[in-house]
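Student: What follows is a single structure, and I will ask about it in a moment.
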Amino acid sequence: MRVARAFVNPAATRMLGWESDELMGKGAHDIHHHTRPDGSPNEREDCRLCASFRHGQVAVVDDEVYWRKDGSSFPVAYTSTPIRR
């Protein structure tokens, strides 16, 4: 039997201002990817990061923001590459 291991990227905890145990088991969308740059809601159904994992397709994004624990935001660019076994 394989045991799944979970971890939180240490660079992400520093960047977002959360402790790893605060992020463990929580969805990225709800924690730091919930609002667009203009402040409007980034609904899960429209979220390109969520869609990447849902459909197993690569997403290249350069026009979004992430939110820190303290409520401040910062611009992000990312490539989401789902890996499926």
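The values are calculated or read from the model by the stated rules, or taken from the named source; none is laboratory data. Everything numeric in this text was worked out from a predicted model, so none of it was measured. Neighbour counts are summed over all protein chains in view; Cβ atoms, including those assigned to glycine, are modelled from backbone coordinates with ideal geometry. Note: areas computed on protein heavy atoms with side chains; ligands, DNA, RNA excluded. Shrake-Rupley method; radii C 1.70, N 1.55, O 1.52, S 1.80 Å.
Student: Under a point-charge model restricted to the Cβ atoms of Lys and Arg (+1) and Asp and Glu (-1), what is the dipole moment magnitude of the stretch 1-83 relative to its Cα centre, in debye to the nearest 20?
Tutor: It works out to roughly 400 debye.
Student: Taking only the alpha-carbon positions of the chain and ignoring solvent, what does the Debye formula give for the base-10 log of I(q)/I(0) at q = 0.24, 0.25 Å⁻¹?
Tutor: Per q value, in the given order, log10 I(q)/I(0) is -1.39, -1.44.
Student: For the chain, report the accessible area per residue in Å² (1.4 Å probe, heavy atoms, rounded to an integer).
Tutor: For the chain, the per-residue accessible area is 74 Å².
Student: Ignoring ligands, DNA and RNA, what percent of the accessible area of the chain is carbon or sulfur (1.4 Å)?
Tutor: 53
Student: Here's something else I'd like to know. List the residues, sorted by chain then number, that are 5 or more residues from residue 64 or on another chain and whose placed amide H is less than 5 Å from its amide H.
Tutor: 76
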